[in-house]
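Accompanying notes for the structure given below.
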Amino acid sequence: MTDRKSDEPSDASLPDPLAWRPLKAPSLAEFEAIALEAFQLLPKEFRDRCEGVVIQIDDYPTEEVLDAMGIQSELDLMGLFQGIGLPFQSETAPTHMPNMVWLYRVPILLYWAEHDETLGHVIQHVLVHEIGHHFGLSDDDIEAIERAAN
């Protein structure tokens with residue numbers, strides 16, 4: 001018989017490893033539903049200023065995006081804003097594509113797996129960060145706002 005410390009869990013208290021078998025990472029459609037729900041939880045004034053912004057979900061950024069941003073790995077980019085930020089838009093400018101926010105599922109899932117945050121929180125954080133660019137904020141501006149909020 002081996003001596004067991006009283007603070008160690010007994011085999012009976014360990015979760016059933018087979019209970020995890022049916023769990024899967026959210027699909028693109030499920031991920032989009034989480035992102036849209038996260039967007040709906042944002043203040044109405046914030047959402048109203050995002051009229052016309054398209055939220056797009058994809059597994060990874062394209063090679064063109066990575067090359068344009070000088071990023072080596074497709075796992076290093078969780079989100080992207082593409083378009084012309086509100087402060088830079090002009091009534092007289094020619095028609096342009098709608099502003100888009102891209103959320104990249106696999107890099108976000110990997111970040112989530114390595115941190116102690118809920119998936120919904122990570123998705124909302126990336127979404128708000130990218131919408132910040134729609135408002136014309138830089139990465140430094142967004143980080144300063146986040147630091148002040150914490």
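The values are calculated or read from the model by the stated rules, or taken from the named source; none is laboratory data. The shown structure was predicted, so the numbers you read here are calculated from the model rather than taken from an experiment. Cβ sites come from the backbone with ideal geometry, for glycine too, and all protein chains shown count toward neighbours. Keep in mind that these areas ignore ligands, DNA and RNA; they rest on the heavy atoms of the full protein, side chains included. Shrake-Rupley method; radii C 1.70, N 1.55, O 1.52, S 1.80 Å.
Below, the figures for the structure above:
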| read-out | value |
| --- | --- |
| Index of the failed condition, Leu110 passing every other in (1) touching a residue at least 40 places away in the same chain (Cβ under 8 Å); (2) farther than 17 Å from Glu37 by Cβ; (3) not in a strand (DSSP E or B) | (1) |
| Matching entry among Ala68, Ala33 (being at pLDDT 90 or above, open to solvent by less than 80 Å² (accessible area, probe 1.4 Å) and either in a helix (DSSP H, G or I) or of a type in the set (Phe, Trp, Tyr) (or both)) | Ala33 |
